[in-house]
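Only one structure is covered here, and it is reproduced in the block below.
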Amino acid sequence: MDWKRSLRNRLAARCTPKKSEQELKDEEMELFTKYYMEWKGGRASVNTSYANIPRFYYRLPAEDEVLLQKLREESRAVFLQRKSRELLDNEELQNLWFLLDKHQTSPMIGEEAMINYENFLKVGEKAGPKCKQFFTAKIFAKLLHNDPYGRISIMQFFNYVMRKVWLHQTRIGLSLYDVAGQGYLRESDLENYILELIPTLPQLDGLEKSFYSFYVCTAVRKFFFFLDPLRTGKIKIQDILACSFLDDLLELRDEELSKESQETNWFSAPSALRVYGQYLNLDKDHNGMLSKEELSRYGTGTLTNIFLDRVFQECLTYDGEMFLLINKGNVSQSAIQEQMKIHGQEPVSFQDVKDEIFDMVKPKDPYKISLQDLINSSQGDTVTSILIDLNGFWTYENREVLVASDNDSVADADDT
């Protein structure tokens, strides 16, 4: 750069008289026209690479392209290994906790250790490059509540870091089973994941290996029933991480898990054995499948025929369509009435209950109730039990009597 010329131009510019307002406007318009024409392509761009659109799509290798398939698998494996190395290990997490505890800010609120933003940043500098992503103003503000000193809980922040690390570890673990490499798991992929996970779950140590296939089937169906409603045959890994099912499954790693928790956990050994026992009791011909007649004996045997017909229609059609649950013109009141006759009860008019259902749900269309209407009303369980099960219908029909009976029982207990 010619500094002598630049200085002379600067001095000359100071000596020149001040431009008038019109001259400034003309100069502004001239510069605008110049830059606008360059932007519009009036002049050739200095960087010739702008003329080419970069490649953003790479097709997946075909099944017969073995070399490309192997290359893709190896590159994905290397990528996942690199991502895994970027995560905090146990020693680094312990060091982080030590630093947080060392830099806590007084006064304490009860037994809760707190830290202000200044010490928060100091810990971030000392914790190392892997922790840098957690020590941001956004995360601090997210965890900041009503502390009068502008501090956050050390335990809440550490739990946040632990949760993030766990999610990334699980994402990497699930991605190892993503054969297609597209961010989702097929049914066979999820089966392999759960099958290899069983030996790491102490609460499943009592399961015999001959039972593994049924357990895997039971667990996988839970995921696909809720996360693949359109029956595409695959589930996004992101959806698996977002739901609570994986938390329930990995909860079985706890060797001291209580019996109450095991009873309420779908993936526990007692739950799987209970489902298996119910299935065997229903499968009278022992062919491994349930007919409509066999399924009708489920529970107390009070499921309506129209519901059973719908179940088999839905199970046999995989086109992803959701049937209409109920509308005012096609509700079969005879289904419940037929069950009442079979069980020796006096049939009641279904018309009044039907009107109550519509009042309860308040659908957008006054002549029909859709699945979304049921979800919005938060009354789906009640409506469904009324329509498909005699016991559910009877409980709803006699709800006032049952409430009064419960109140009387409570009053008697208080008197004694």
Hey, can you tell me all the residues within the stretch 286-311 that are under 32 Å from the mean Cα position of the chain (by Cα), open to solvent by 80 Å² or more (accessible area, probe 1.4 Å) and under 26 Å from residue 386 (Cβ atoms)? 298, 310
If a residue must be modelled with pLDDT under 90 and more than 14 Å from residue 158 (Cα to Cα), how many such residues does the stretch 106-128 contain? 7
If we scan the stretch 55-73, do we find a residue that is in a helix (DSSP H, G or I) and either among the basic types (Lys, Arg) or under 16 Å from residue 161 (Cα atoms) (or both)? yes
Extreme residue, farthest from the chain's Cα centre (by Cα), among residues of the stretch 376-413 that are surrounded by fewer than 11 Cβ atoms within 10 Å (Cβ to Cβ) and either modelled with pLDDT of 75 or more or under 26 Å from residue 308 (Cα atoms) (or both): 381
Pair list, Cβ under 8 Å, 6 or more apart: the stretch 199-211 residue in contact (Cβ under 8 Å) with a residue 12 or more places away in the chain and aromatic (Phe, Trp, Tyr), other residue open to solvent by less than 40 Å² (accessible area, probe 1.4 Å) and in a helix (DSSP H, G or I): 211/272
Helices (runs of 4 or more DSSP H) within the stretch 175-285 that include 2 or more residues surrounded by 15 or more Cβ atoms within 10 Å (Cβ to Cβ) and out of contact with any Ser or Thr (no Cβ under 9 Å at 6 or more places or on another chain): 187-197, 212-227, 245-250, 269-282
Looking at the structure I just gave you, is residue 36 exposed (fewer than 10 other Cβ atoms within 10 Å of the Cβ), under 49 Å from the mean Cα position of the chain (by Cα) and at pLDDT below 85? no
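The values are calculated or read from the model by the stated rules, or taken from the named source; none is laboratory data. Please read all numbers here as calculations on a predicted model, not as lab measurements. Quick reminder, even Gly has a Cβ in these numbers, built from the backbone with ideal geometry, and neighbours come from all protein chains shown. These area figures cover heavy atoms from the full protein model, side chains too; ligands, DNA and RNA do not enter into them. Shrake-Rupley method; radii C 1.70, N 1.55, O 1.52, S 1.80 Å.
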